[in-house]
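Each remark here refers to the structure printed beneath this line.
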Amino acid sequence: MPQFVIEQPPAVAIPVAGTKALFPVRRVYCIGRNYAAHAIEMGHDPDREPPFFFQKNPDNLNPSGEFPYPPKTSDVHHEVEMAVALKSGGRNIALDDALNHVFGYGLALDMTRRDLQGEAKKLGRPWEIGKAFEQSAPVGPLHPVSEVGHPDSGRVELRINGQVRQEGDLNQMIWKVPEMISYLSEYFELAAGDIILSGTPSGVRAVTKGDVIEVSIESLGSMTVKVV
Ligand code: MN
């Protein structure tokens, strides 16, 4: 056993549906503007430009069912997304090999301090301040490929206090899961434990304390997160 000079930070892991087992997390990549209607609502051209990614920190993943309203913002937006969890990785992964690296899929929220992200965009600064804050990625349990296959279509929905705010379909993703994996692997070495958040449909808006967020993706069930 190595000796550490400070207490070791807790390992980050998220539950696997239907088991007591955990999926250990290495990195979290998130794609931007992967649904045309969302690109348009954010003021961008929905044409298929090369994809772009940002990262959240592994310990931003939050399976608790509660989202603590973060500091230094008055405009926190919900973004419902499908999480893709990798069981293996590599460099320059071929498109037709990409899905062989997927362990499973789950529900996730890419919670965003939109006001801080907007300032960062305007100033040409990095997005972490808007994206990679504490508890900013509520997640549900992962569903292994052996249970759910590789969902590439199916309704995506987010409700706030019972009202539908976001709706779309996985088949509307501009960059499909194999393309995201293959593209990322040209720039980074992917590995077991990596998670990719696959973008959000249109309808993003602000949440307030007390809101109950319900997200669902056909074939991956649903998850409820309370803003506290
Ligand atoms: Mn997002």
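Going residue by residue through the range 121-129, is there one that turns out to be among the hydrophobic types (A, V, I, L, M, F, W, C), within 16 Å of the ligand (Cβ to nearest atom) and over 16 Å from the mean Cα position of the chain (by Cα)?
yes
Could you list all residues from the range 11-21 that are touching a residue at least 12 places away in the same chain (Cβ under 8 Å) and out of contact with any Phe, Trp or Tyr (no Cβ under 7 Å at 6 or more places or on another chain)?
Residues satisfying the conditions are ALA11, VAL12, PRO15, ALA17, GLY18.
Could you tell me how many of the residues in the range 99-131 are among the hydrophobic types (A, V, I, L, M, F, W, C), surrounded by fewer than 19 Cβ atoms within 10 Å (Cβ to Cβ) and within 18 Å of ASP75 (Cβ to Cβ)?
4
Would you kindly identify the strands (runs of 3 or more DSSP E) lying entirely within the range 25-117 that contain at least 1 residues that are more than 16 Å from the ligand (Cβ to nearest atom), touching a His at 6+ places or on another chain (Cβ under 8 Å) and over 25 Å from VAL212 (Cα atoms)?
By residue number, 80-86, 102-109.
Could you list, ordered by first residue, the pairs with Cβ atoms under 6 Å in which the first is in the range 22-51 and under 17 Å from ILE196 (Cβ atoms) and the second is more than 15 Å from the ligand (Cβ to nearest atom) and not hydrophobic (A, V, I, L, M, F, W, C), at least 6 apart or interchain?
PRO24/GLY193; VAL25/PRO58; VAL25/GLY193; ARG26/GLY193; ARG26/ASP194; ARG27/ASP194; VAL28/PRO58; PRO51/TYR183
Quick check on my filter: what residues within the range 127-171 are closer than 27 Å to PHE52 by Cβ and either at pLDDT below 95 or assigned to a loop (DSSP other than H, G, I, E, B) (or both)?
TRP127, ALA132, PHE133, GLU134, GLN135, SER136, GLY140, HIS150, PRO151, ASP152, SER153, GLY154, listed by residue number.
For residues that are in contact with a helix residue (DSSP H, G or I) (Cβ under 8 Å, 6 or more places away or on another chain) and either under 19 Å from VAL102 (Cα atoms) or loosely packed, with under 13 Cβ neighbours inside 10 Å (or both), tally how many sit in the range 11-33.
Residues flagged as in contact with a helix residue (DSSP H, G or I) (Cβ under 8 Å, 6 or more places away or on another chain) and either under 19 Å from VAL102 (Cα atoms) or loosely packed, with under 13 Cβ neighbours inside 10 Å (or both) within the range 11-33 amount to 10.
The values are calculated or read from the model by the stated rules, or taken from the named source; none is laboratory data. Here the structure is a predicted model, which means the values were calculated and not measured. Here the Cβ is made from the backbone with ideal geometry for all residues, glycine too, and neighbour counts use every protein chain on show.
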